[in-house]
Amino acid sequence: MSGADAVRRGLSYEEALASILDSARARTTSPIDVPLTSALGRALAESVVSPVSLPPWDNAGMDGFAVRRDDVTGASPDAPCVLSVIGTSVAGSDPSTLPRLQPGSAVRIMTGAPIPPGADVVIRVEDTTEHLTPSHDGHVRIVNDRDAQGRGNVRPRGEDVTRDAILFAPGTSIRAAHLGLLASVGKATVRVYRAPRVTVLSSGDELVPVESFDQVLAGQRIVSSSSYALPALLRSAGAEVTMAPLVPDSLDAMTAAMDAAVRDGCDLLVTTGGVSVGAHDYTRDALMALGGEQQFWRARIRPGGPIGTGQVRGVPWIGLPGNPVSTLVTGMLFAWPLLRQLGGHHTTCHVKLPVRMSESLETPASLTYFLRGRLVVAHDGQLEASSTGAQGSNLQQSMAHADALIVVPETIARVESGMMLSALLLPDAPFLTTA
């Protein structure tokens with residue numbers, strides 16, 4: 001396909017996404033230091049090196065008695081091993097204060113407590129037959145040597161983390177488990193990339209905020225649903241979102257709103273509506289009036305073919321179509337990955353899963369379809385997908401009930417039941433259910 005044909009027909013989904021990400025490949029937000037409790041969802045801006053080993057000392061994996069392996073090997077109910085108990089080790093004990101084991105001795109020990117010097121095995125308490133006196137002295141009878149094999153219920157120093165090990169690389173997306181490990185190695189503050197700042201402009205004379213619902217009841221206007229759904233989607237990518245006041249359908253109003261947004265220092269400008277070729281679609285003209293650059297304005301996808309991208313005064317711009325489902329689908333496909341990249345995350349793509357279709361559907365146009373779908377785990381363990389209903393770009397219920405976008409390549413005109421396709425999980429997808 002020639003360059004002129006590509007412009008006329010629009011880019012494929014893959015080409016459009018690559019163009020958007022490549023245009024801002026060198027861009028990331030600036031690093032900042034935040035408290036560990038504020039780091040969830042951010043991307044690390046530096047490597048994390050552990051200053052300690054974890055665990056910091058050999059410790060017990062079971063409640064029982066720390067002993068010398070040589071003393072207990074061969075112990076059985078018929079030939080028990082009787083040892084003198086010379087002390088106790090509990091979680092929090094100072095390892096330097098524990099007595100050294102000599103032949104024939106043992107130390108009572110609790111799970112997680114440091115192993116006393118000289119011991120190399122922990123015999124679990126259920127393999128002993130005698131209890132200690134209240135002062136923890138006396139003797140213990142060992143009746144089973146099964147713990148004398150292998151590691152012997154001893155968790156070695158540095159088993160989890162060794163000192164000076166690189167735990168995480170820059171670009172790591174911080175999840176709940178990361179917070180626990182970061183705390184364990186003393187990272188009270190972490191250096192992360194600042195959350196990208198996004199300004200969203202929605203245009204349309206027919207739109208009102210939900211507070212003006214009386215005009216909807218009067219049959220005069222419709223609620224700008226994208227003013228609520230799109231910012232939520234963008235926040236799930238880690239962005240800080242500013243929703244500007246609704247913009248009237250005029251070139252001057254759109255130009256002024258875009259100018260104000262980039263002057264306020266946003267990292268990404270997202271517009272909804274006005275990107276097509278209608279008489280009242282002014283977004284592209286406003287972009288040009290501000291000296292902006294446009295990369296492309298159409299993708300071979302459904303929903304959401306009329307989509308624009310470029311930059312204005314050095315700020316990346318994505319122009320999403322105005323129909324509410326098209327807005328959300330293209331926001332997920334293009335704006336969400338770009339925000340992940342701007343926020344310094346190594347992983348920018350959505351979770352992609354193989355799915356088996358449970359119904360037949362027509363997809364006649366030579367476009368890549370992103371069908372709103374519901375996923376279930378079938379009886380054979382395979383993920384099955386079905387549509388959530390009519391797929392018109394103005395039909396919001398089918399989006400609200402969706403778990404994923406079912407990807408139908410432009411080469412497929414009809415989806416047959418049982419066909420294997422791919423599905424992109426929605427960022428806020430609910431838990432999957434069983435058939």
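The values are calculated or read from the model by the stated rules, or taken from the named source; none is laboratory data. Since the model is a prediction, treat every value here as computed from it, not as a measurement. So basically every Cβ, Gly included, is an ideal-geometry build from the backbone, and we count neighbours across all protein chains shown. The area values use the complete protein model at the heavy-atom level, side chains included, leaving out ligands, DNA and RNA. Shrake-Rupley method; radii C 1.70, N 1.55, O 1.52, S 1.80 Å.
Just a few scattered comments:
- When the stretch 378-400 is filtered for residues that are in a loop (DSSP other than H, G, I, E, B), polar (S, T, N, Q) and farther than 20 Å from residue 327 by Cα, only 382 remains.
- Residue list for the stretch 401-427, filter: of a type outside the set (Val, Ile, Thr) and in a loop (DSSP other than H, G, I, E, B): 401, 402, 403, 409, 410, 413, 416, 417, 418, 419, 426, 427
- Taking (1) open to solvent by 50 Å² or more (accessible area, probe 1.4 Å); (2) over 25 Å from residue 57 (Cβ atoms) in turn, residue 195 satisfies each apart from (1).
- Taking the criterion of being open to solvent by 70 Å² or more (accessible area, probe 1.4 Å) and either assigned to a strand (DSSP E or B) or in contact with a strand residue (DSSP E or B) (Cβ under 9 Å, 6 or more places away or on another chain) (or both), the residues of the stretch 164-177 that qualify are 164, 166.
- Enumerated strands (runs of 3 or more DSSP E) restricted to the stretch 67-153, each holding at least 3 residues that are open to solvent by less than 40 Å² (accessible area, probe 1.4 Å): 81-89, 105-109, 121-124
- Residue ID - farthest from residue 181 (Cα to Cα), chosen from residues in the stretch 53-62 that are touching a strand residue (DSSP E or B) at 6+ places or on another chain (Cβ under 7 Å) and part of a loop (DSSP other than H, G, I, E, B): 62
- Filter pass, residue 355 being open to solvent by 20 Å² or more (accessible area, probe 1.4 Å), part of a strand (DSSP E or B) and β-branched (Val, Ile, Thr): no
- Criterion: open to solvent by 40 Å² or more (accessible area, probe 1.4 Å), more than 30 Å from residue 45 (Cβ to Cβ) and part of a helix (DSSP H, G or I) - qualifying residue of 205, 214: 214
- When residues of the stretch 154-163 are limited to those that are in contact with a Ser or Thr (Cβ under 8 Å, 6 or more places away or on another chain) and open to solvent by less than 40 Å² (accessible area, probe 1.4 Å), the one nearest to residue 32 (Cα to Cα): 161
- Looking only at residues of the stretch 415-435 that are modelled with pLDDT under 95 and over 19 Å from the mean Cα position of the chain (by Cα), we find that the one that is surrounded by the fewest Cβ atoms within 10 Å (Cβ to Cβ) is 434.
- Odd one out for residue 34 among (1) of a type in the set (Val, Ile, Thr); (2) open to solvent by less than 30 Å² (accessible area, probe 1.4 Å); (3) farther than 30 Å from residue 183 by Cα: (3)
- Matching option when the condition is open to solvent by less than 30 Å² (accessible area, probe 1.4 Å) and modelled with pLDDT under 95, among 318, 307, 301, 406: 307
- Criterion: of a type in the set (S, T, N, Q) and out of contact with any Lys or Arg (no Cβ under 9 Å at 6 or more places or on another chain) - qualifying residue of 358, 366: 358
- Checking each residue in the stretch 51-108 for being of a type in the set (A, V, I, L, M) and within 21 Å of residue 149 (Cβ to Cβ) picks out 60, 62, 66, 67, 72, 75, 79, 82, 83, 101, 106, 107.
- Of the set (1) in contact with a Ser or Thr (Cβ under 9 Å, 6 or more places away or on another chain); (2) open to solvent by 20 Å² or more (accessible area, probe 1.4 Å); (3) modelled with pLDDT of 95 or more, all apply to residue 371 but (2).
- Any hit, the stretch 5-19, residues being surrounded by 14 or more Cβ atoms within 10 Å (Cβ to Cβ) and closer than 26 Å to residue 168 by Cβ: no
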